[in-house]
Amino acid sequence: MARIWVTPLHGRIPYDEPALRRLFEVHRVTPQLQKLFTHWYLPLCAWHERAGIAPARLSSLLKFLHRVDLARPDIPENQVLAELRGSVEAGDRCWVMDARVLAHALALRATAHGSTTEPPPKETLMMSNWHFVKKRTADPAGGAVYVNDDHTRYRRTGGQALTAEAAFQHQLAARGYPVPRVVEDGTTDDGHVFVVEESLGERSLHDMALEGLDDTQALSDTVVDLAAEVGGRLLRAQAAHAAPAEPDALHAWVRTAGWTNNVFAENPDLDTPRMRAALDRAVAQLAGVPLVPGHLDYGLPNVLPAGVIDWQHHGLVPLGYDAALALEIIPFKGGTKGYLASPEQRLRYLKALSEVARATTGQCLSRHLGPYLLVTALFFLALMRPTDPARTDKHLKWHYRRHLLQEVLGQYERTGAVDTARFPTLDDYASRHSAPGHP
């Protein structure tokens, strides 16, 4: 089905020849359009509707195809072709009745059949080598991710946020960060942003962790060691490019990294003097820690053996906030990731990163885990409050994350540190939450 939009599906749909001839005579369409309608568009309509086409609809379909063909661009736009390919490979059939997208499919078909008078630009030809991977849900402007034939490059589309991300990634690459190198970026004729970057590989450490599971949830030592190696490379690059410390920089980090405005808007009962005092204590505890360009969504799914991907939510962070928490954040998922890091693995990982931090800045990362995890607990509660009362699963996760934030707050108040090994799993929490007498 992937090339349905260039070639016919299964040949023409059988209809009464005299009836079709009368239809073509009434609408005075060219022989070329007659053939296009019979051999290309009707099979697409049958695919779209998963059934035959009623004879009574032939006239309206022919008129629709005629209007679309008249509006067909000479050269198809890259962004629309990318959307089209993504729709087809995702099994979305709606584009068959979308005049704008169908016009570009016709333009591509004309190009493929040599019926245009000039060759398409290089970028249009290259788009035939891109394959849809997934939609980009985090970008307000939408967009998608594509990979080329040999999986050496990825192409992302989106809005202006993608432009800022590409510029930031250019800076990181120049500073020696382990990030994908951006090889091309720009704006298409219809105003969409695209970025092409080198692939760092196809398997994240999250993928490798799942592949290495046996009968237990034990995380592979190989994954832990790879995470420490990549995290160390990131820390070295960050430490070499500390940013000037602004007076409110740490408070700004708390607001940005913790999504505190959203958390308190959705959970106003948590916006208390007690919570504010703990956050102020965290900021005071981090005074003197270098601020560096950071990821803000660091974890094993975004880490590959060759580096770190997905820098959309970047910003200034205290040194170590990204890499130091890669294993500590796993319990926030409640055991649903499929794997868990043992205390020994967490200790070994943190020790490796602390050695890098001490060698580059003299900092001891273990002293900062308490403040970091307090902010992280806020982050994991952001955007969690469900709006549908019927979604009991989402309500359970929301209450679970609220419980974890309160657990972190209590630990931090008592000791200034946080032990994520004490977190209940989501299943444990659910069993207690549904027990008789539980509030």
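The values are calculated or read from the model by the stated rules, or taken from the named source; none is laboratory data. Note that the coordinates shown come from a computational prediction; the quantities given were computed from them, not determined experimentally. For neighbour counting, all protein chains shown are included, and Cβ atoms are generated from backbone atoms with ideal geometry for every residue, glycine included. Accessible surface is based on the protein model in full, side chains and every heavy atom, while ligands, DNA and RNA are left aside. Shrake-Rupley method; radii C 1.70, N 1.55, O 1.52, S 1.80 Å.
Values as computed for the structure displayed
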item: Test result for Gly416, among the small types (Gly, Ala, Ser) and either modelled with pLDDT of 90 or more or touching a strand residue (DSSP E or B) at 6+ places or on another chain (Cβ under 9 Å) (or both); result: yes
item: Search result, residues across the stretch 381-431 that are touching an Asp or Glu at 6+ places or on another chain (Cβ under 6 Å) and either surrounded by fewer than 13 Cβ atoms within 10 Å (Cβ to Cβ) or not in a loop (DSSP other than H, G, I, E, B) (or both); result: Thr420
item: Long-range neighbours under 9 Å by Cβ, at least six apart or interchain, first residue farther than 22 Å from Ala243 by Cβ and open to solvent by less than 10 Å² (accessible area, probe 1.4 Å) within the stretch 315-340, second among the acidic types (Asp, Glu) and in a helix (DSSP H, G or I); result: Gly334/Asp427; Gly334/Asp428
item: Residues of the stretch 347-380 that turn out to be among the small types (Gly, Ala, Ser), in contact (Cβ under 8 Å) with a residue 60 or more places away in the chain and surrounded by fewer than 21 Cβ atoms within 10 Å (Cβ to Cβ), as a count; result: 1
item: Check on Ala277, surrounded by fewer than 17 Cβ atoms within 10 Å (Cβ to Cβ), of a type in the set (A, V, I, L, M) and touching a strand residue (DSSP E or B) at 6+ places or on another chain (Cβ under 6 Å); result: no
item: Residue ID - farthest from Leu279 (Cα to Cα), chosen from residues in the stretch 419-435 that are among the hydrophobic types (A, V, I, L, M, F, W, C) and touching a residue at least 60 places away in the same chain (Cβ under 8 Å); result: Leu426
item: Residue within the stretch 297-307 that is farther than 30 Å from Pro244 by Cβ and in a loop (DSSP other than H, G, I, E, B) present; result: yes
item: Odd one out for Val289, checked against (1) without any contact (Cβ under 8 Å) to a residue 60 or more places away in the chain; (2) not polar (S, T, N, Q); (3) not in a helix (DSSP H, G or I); result: (1)
item: Entirely in the stretch 20-83, the helices (runs of 4 or more DSSP H) that have 2 or more residues that are within 30 Å of Val133 (Cβ to Cβ); result: 42-49
item: Extreme residue, nearest to Leu409 (Cα to Cα), among residues of the stretch 241-285 that are at pLDDT below 95 and assigned to a loop (DSSP other than H, G, I, E, B); result: Asp248
item: Subset of the stretch 22-32 (residues that are under 17 Å from Arg57 (Cβ atoms) and either surrounded by 11 or more Cβ atoms within 10 Å (Cβ to Cβ) or within 46 Å of the chain's Cα centre (by Cα) (or both)); result: Arg22, Leu23, Phe24, His27, Val29
item: Entirely in the stretch 133-207, the strands (runs of 3 or more DSSP E) that have 1 or more residues that are buried (at least 21 other Cβ atoms within 10 Å of the Cβ) and of a type outside the set (S, T, N, Q); result: 144-148, 153-158, 193-198
